[in-house]
1. How far apart, in nm, are the 7 Å Cα→Cβ label points at SER73 and ASN39?
2. What's the Cα-based Rg to Rh of the range 50-138, Rh via Kirkwood?
3. Explain nothing, just the number: relative contact order of the range 18-112, from Cα pairs under 8 Å at least 6 residues apart, as a whole percent.
Amino acid sequence: MKKIIVFAILAALAAAPSWAMPVIEFSPDPSTAGNWSYNGAIGVLSFDQDIAVDKAISSTSDALVNAHVYLPSFYVSGESGVYSLTTLGSSEIRFTDATGSVTYMTGSLGNGYLNTIGTVAVGYSQFASDITNVQVTPEGQALGSGVLDLLSYLSSPDLDFDISLQGGNGANYHSFAAMIDGGFSGTSGFSGSMSVPEPTTIALFGIGSLALAHRRRRVQVN
């Protein structure tokens with residue numbers, strides 16, 4: 001069985017196309033005040049930490065859905081619509097239960113970019129392996145989440161990170177760039193996603209399919 005999995009990995013890596021699909025999607029709870037907040041006086045972008053997983057592998061029924069997501073704050077530098085993001089304090093992204101007491105997965109978010117278009121902004125970019133040192137905890141492995149099970153099969157999983165910020169307009173400015181360049185403050189909603197970089201995506205789903213099939217056979221035999 002191990003040889004079959006190895007051959008499947010090699011075949012998938014060789015045949016992988018240049019696309020990636022989000023494996024984890026998240027956003028603030030719309031019934032709460034969760035959002036992004038930019039402090040123009042000190043150039044810091046932060047998040048109200050009421051953020052939840054919306055979908056895992058495009059499914060709303062995965063066991064990771066509704067898990068709590070912690071995002072680090074950033075120092076924003078640059079001008080004229082293209083900015084750099086530098087994590088402040090801990091660079092850790094963390095997935096926990098609703099109480100924050102049980103951790104399912106962690107990862108280290110590197111520095112990135114923030115590109116603005118009108119009243120919206122997009123942080124980081126796909127195909128960059130933005131989140132490294134991804135670790136699924138024993139509690140995450142026991143959760144029964146398809147996406148965490150799949151990530152556990154990769155020896156050194158990395159994730160691309162994307163975040164879309166809405167808003168960025170107020171009484172003193174009319175675009176996201178004007179807010180940052182003018183040193184103003186603002187707040188609004190956002191959404192984000194994490195993807196497995198290519199060519200790992202196809203290998204990931206290939207391994208997952210084999211593992212699930214193997215698990216079914218074991219259950220039938222037992």
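1. 0.4 nm
2. With Rh from the inverse mean 1/r over Cα pairs, Rg/Rh is 1.01.
3. About 20 percent, as a whole number.
Bear in mind these aren't lab numbers, they're just calculated from the coordinates by the rules spelled out. Nothing here was measured: the structure is a model prediction, and the numbers come from that model. Every residue, glycine as well, gets a Cβ built from its backbone with ideal geometry; the counts of neighbours run over all protein chains shown.
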